[in-house]
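The values are calculated or read from the model by the stated rules, or taken from the named source; none is laboratory data. Note that the structure is predicted; figures quoted are calculated from it, not measured. Glycine also receives a Cβ, built like all others from the backbone with ideal geometry; neighbour counts cover every protein chain displayed.
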Amino acid sequence: MLLSIRSLTKTFPGTLALDGVDFDLRAGEVHALLGENGAGKSTLIKCLTGAYRRDGGTVALEGAQIDPRSTVEAQDLGIGTVYQEVNLLPNLTVAQNLMFGREPRRFGLIDARATRSEARAMLRQYGLDLDVDRDLGSYSVAIQQIIAIARAVALSGKVLILDEPTASLDAAEVQMVFDVVRGLRDRGLGIVFVSHFLDQVFDLTDRVTVLRNGRRITTLDTADLDRVQLIEHMLGRALEDAVGDAAADGAGSVRPELLSFQGFGRRGVIEPFDLSVGQGEVVGLAGLLGSGRTETAELMFGVRPAQTGKAHDANGQLDLSNPRAAIAQGFGFAPEDRKTDGIVPDLSIRENIILGLQAQRGWARPIPRAEQNRLADDYIRRLDIRTSGREKPIGELSGGNQQKAVLARWLAMNPRFLILDEPTRGIDVGAHAEILRLIRELTDAGMSVLVISSEIDELVAVADRVIVVRDRRHVAELKGTRLGGDEIMRAIADSGEVA
Amino acid sequence: MTLLKRIAPQLIALVALIALVSIVFPGFLSVQFIDGRLVGPVIDVVKRGAPVALLAVGMTLVIATRGIDLSVGTIMAICGAVAAAALAGGWGMAPALAAGMLTGAAAGLWNGVLVTVIGIQPFVATLILMTMGRGIAQLITEGRILTFTDPGFAWFGSGTLLGLPVPAWLWLLTGAGVALLMRRTALGLLIESIGINRRASALAGVNATVLLIAVYMASGLCAALAGIVVTADIRGADANNAGLWLELDAILAVVIGGNSLLGGRFSIIASLIGAMIIQTIDTGILLAGFPSEYNLVIKAGLVLVILVLQSPRIAAEWRLWRDSHRVDREARLEGKAR
């Protein structure tokens, strides 16, 4: 066994990120590490690369115990890492990047000629013949990724960790990188492959380890695995489970149409889709991370404007070319990443709640302070935002309370169509149920809601209809009796034709 | 009151500085009323501090959006040159003033478009006008000091209104007007919000592009007014020296005012006190009669002391030290009581 991890444990304040995880890596295999967000993949990798120190458990490389304290130490031990974002210097040449930090020297100075020839020799092993004097940034991301791999292998040479290396590559480029990875496997390296793309996992890997909530769920040979089974492991929900049909009420009854999107799409982001939303309807959007869920929402809200297609309501075509235009049409969007896209940290809870409404009214018509206080207190009470007061900076609240405050910002504007991207992520169980109840209340009052969620049970519980997204396409629409956890998972897993 | 709490450090620094200057120059605070005008070193500070104070008003807004405007000194020179050229061309006072102000607005628009539409970093975008602008001003004045005699225009630099110099009125009214505009409308909140998190603000529907352009235009207008004051004061446009390095004093005033260069919460009043602190240092050094070669060193030293005393880390250390002493003392008292 090349790398052997036993009962690895890592805690962060308030969470157990890794809970006694075992993981084995053989020499000459590609081993996929899978799991949804928060499963513990990146924590495991960071413990291996020395970015984090583990709290418990053992890690043995070729039988010897190791405890790297930095990425450099991990590299020297033989563990190299390549990340999704190329982690090199685009404004240096290919040769400088490959040899950075270990340039051949002559009389104490860098020997440029030897640097170039060594770099060229390194690349030849990967079947690449590049101009090593050109800036790295002038090559495609795929080539840069291969150069990053070459550098990592040269520095370490035993274990190679690929952390979503293909996330920004197209299909042909993916194959190019995979050929390189297969070559390294045949040379006897152990390769850990992290990806959200299941097709790639089946294509490339020999074994699969699934993590969920910080625990290892299973390790299996890829050849013995089918897709449905794999997704069951990842999402932690057996297909045989009985599914309550919570969405029965209203299913089947016809709702007046509020909005319709036709051929809405953007190249390289999401394939054109048709979608209609009924008055007071909850539409769910299911799919794995990176499948195009968030992208669908971003197109609808004008964060990234659609290149093709149109959106209509009863009165005609809608301008959704930017968020302000979408807001003017009565749209709202509570984004997934509330830290960067949602909260304005130094402003108070009150200011964060009224921000959207104020922007809509324009700067010249300030909301009177008494009205602001009333709105803020009202939502703090209704959504049960835990805070010592409305004037506290929102950055000091816990994640779940921040999420509620962002939600309050949109509710204060009373949109007719509200998009909620992962509204319950990072929220405790009690608040979780509250938010689902709130969505129901809103739709009973006539608001239409689009809910994006990784939690299938949540979608089944709250949505009238679920759209399944896979590989940047809307592949299935489930409603009525066909709306259940099994069906959603099958649609996510299906590799071929439209379900 | 929250405003008082916000500006307390700046006020304390100003008072301490005035006390210090009064020690080396005892007559610093004496003010006389002569020929319907207040006269004295303090009045001189309030008048001479006008350009930096005016610039600081616009600079505070720009910095609140997480930007910076390096071009304001140059805009002063351009606007002064435009106004002087208009007077020399026989345009009369009001059109000359309007031409100067419009030029400032146009310069601000240029900066704002570079920053928002083209997406150049504010530092670089305004550096372009900073370096290029003095050339433009020199082209307008044809390389010489363009003088004029219009007494109406000169009033803006050297006139008196209700006992106070006109430049002092200009910065006091501009500062108060802009501060009120920011806090009585929603502009202040929206500017702070794009300065703290532009992306989240835009997603919430804040029109960040228009606001940013408006803020750079406000800075340009403030600079134009400062340029008019300086030009009117010397009755001539000096393209080489008008407003030279004043952008740095303006930034310093904003920083002494306790506004973060990382954007967000801002106080115009605190920046104005900052501007007065700088001018008090400048005037105080002159009055104290130090050889002129010491001026910049003493100024730098005083600014450093003020900024160090204001830094949050020092404040935290001080609180820690104070609390530990209090604990010690209480422990001692308890010991005695026992």
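Annotations
- Residue count for the stretch A:116-175, restricted to those that are touching a residue at least 40 places away in the same chain (Cβ under 8 Å) and in contact with a strand residue (DSSP E or B) (Cβ under 9 Å, 6 or more places away or on another chain): 22
- Residues of the stretch A:177-195 satisfying the condition of being within 14 Å of A:V82 (Cβ to Cβ) and either without any contact (Cβ under 8 Å) to a residue 60 or more places away in the chain or assigned to a helix (DSSP H, G or I) (or both): A:V177, A:F178, A:V180, A:V181, A:L184
- Hits in the stretch A:384-414 - residues which are within 12 Å of another protein chain (Cβ to nearest Cβ), out of contact with any Pro (no Cβ under 7 Å at 6 or more places or on another chain) and farther than 27 Å from A:L436 by Cβ: A:E391
- Of the strands (runs of 3 or more DSSP E) that lie entirely inside the stretch A:1-80, those containing 1 or more residues that are aromatic (F, W, Y) span A:3-12, A:15-25.
So that you can scan it fast, the table gives a plain yes or no per residue for (1) touching a Lys or Arg at 6+ places or on another chain (Cβ under 6 Å); (2) surrounded by 17 or more Cβ atoms within 10 Å (Cβ to Cβ); (3) assigned by TED's automatic domain parsing to the domain that holds A:R227:
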{"position": "A:A27", "(1), (2), (3)": "no, no, yes"}
{"position": "A:H31", "(1), (2), (3)": "yes, yes, yes"}
{"position": "A:A39", "(1), (2), (3)": "yes, yes, yes"}
{"position": "A:T49", "(1), (2), (3)": "no, yes, yes"}
{"position": "A:D55", "(1), (2), (3)": "yes, no, yes"}
{"position": "A:A60", "(1), (2), (3)": "no, no, yes"}
{"position": "A:A64", "(1), (2), (3)": "no, no, yes"}
{"position": "A:D67", "(1), (2), (3)": "no, no, yes"}
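- One residue from B:T185, B:T160, B:T149 being surrounded by 15 or more Cβ atoms within 10 Å (Cβ to Cβ), more than 14 Å from chain A (Cβ to nearest Cβ) and of a type in the set (V, I, T): B:T160
- Conditions (1) closer than 25 Å to A:A359 by Cα; (2) under 18 Å from the mean Cα position of the chain (by Cα); (3) crowded, with 22+ Cβ neighbours inside 10 Å: number failed by B:G177: (3)
- Qualifying residue in the stretch B:25-40 (condition: over 23 Å from B:G175 (Cα atoms), surrounded by 16 or more Cβ atoms within 10 Å (Cβ to Cβ) and in contact with a helix residue (DSSP H, G or I) (Cβ under 6 Å, 6 or more places away or on another chain)): yes
- Check on B:V52, among the β-branched types (V, I, T) and modelled with pLDDT under 95: no
- Restricting the stretch A:29-43 to residues that are among the hydrophobic types (A, V, I, L, M, F, W, C) and closer than 18 Å to A:M1 by Cα leaves a set whose member that is nearest to the chain's Cα centre (by Cα) is A:L33.
- Taking the listed residues A:L61, A:L48, the one that is at pLDDT 85 or above, under 30 Å from the mean Cα position of the chain (by Cα) and of a type outside the set (D, E) is A:L48, with no other qualifying.
- Every residue from the stretch A:353-370 that is touching a helix residue (DSSP H, G or I) at 6+ places or on another chain (Cβ under 6 Å) and without any contact (Cβ under 8 Å) to a residue 40 or more places away in the chain: A:W363, A:I367
- When B:E142 is tested against (1) surrounded by fewer than 16 Cβ atoms within 10 Å (Cβ to Cβ); (2) on the phi < 0 side of the Ramachandran plot, exactly one condition is not met: (2).
- Leading residue by the ranking (nearest to A:A32 (Cα to Cα)) among those in the stretch A:170-191 that are of a type in the set (A, V, I, L, M, F, W, C) and in contact with a Leu (Cβ under 6 Å, 6 or more places away or on another chain): A:I191
- Pairs, first more than 9 Å from every other protein chain (Cβ to nearest Cβ) in the stretch B:200-215, second assigned to a loop (DSSP other than H, G, I, E, B), C-beta under 6 Å, six or more apart: B:L212/B:T65; B:V215/B:T65
- Any hit, the stretch B:101-124, residues being closer than 24 Å to B:R265 by Cα, surrounded by fewer than 24 Cβ atoms within 10 Å (Cβ to Cβ), of a type in the set (S, T, N, Q) and in the same structural domain as B:A275 (by TED's automatic domain parsing): yes
- Here B:A137 meets each of (1) surrounded by fewer than 21 Cβ atoms within 10 Å (Cβ to Cβ); (2) touching a strand residue (DSSP E or B) at 6+ places or on another chain (Cβ under 9 Å) with one exception, condition (1).
- Of all residues in the stretch B:76-97, those that are within 22 Å of the chain's Cα centre (by Cα) and surrounded by fewer than 23 Cβ atoms within 10 Å (Cβ to Cβ) total 1.
- Residues in the stretch A:1-56 that are in contact with a Ser or Thr (Cβ under 9 Å, 6 or more places away or on another chain), of a type in the set (V, I, T) and over 19 Å from A:T205 (Cβ atoms): A:T49 only.
- Single residue of the stretch A:69-82 satisfying the filter (hydrophobic (A, V, I, L, M, F, W, C) and either surrounded by 17 or more Cβ atoms within 10 Å (Cβ to Cβ) or free of Cβ contacts under 8 Å to residues at least 12 places away in the same chain (or both)) that is nearest to A:G190 (Cα to Cα): A:I79
- Selection count where residues are within 20 Å of B:L70 (Cα to Cα) and in contact with a strand residue (DSSP E or B) (Cβ under 9 Å, 6 or more places away or on another chain), scope the stretch B:193-229: 1
- Odd one out for A:D129, checked against (1) modelled with pLDDT of 85 or more; (2) assigned to a loop (DSSP other than H, G, I, E, B); (3) among the charged types (D, E, K, R): (1)
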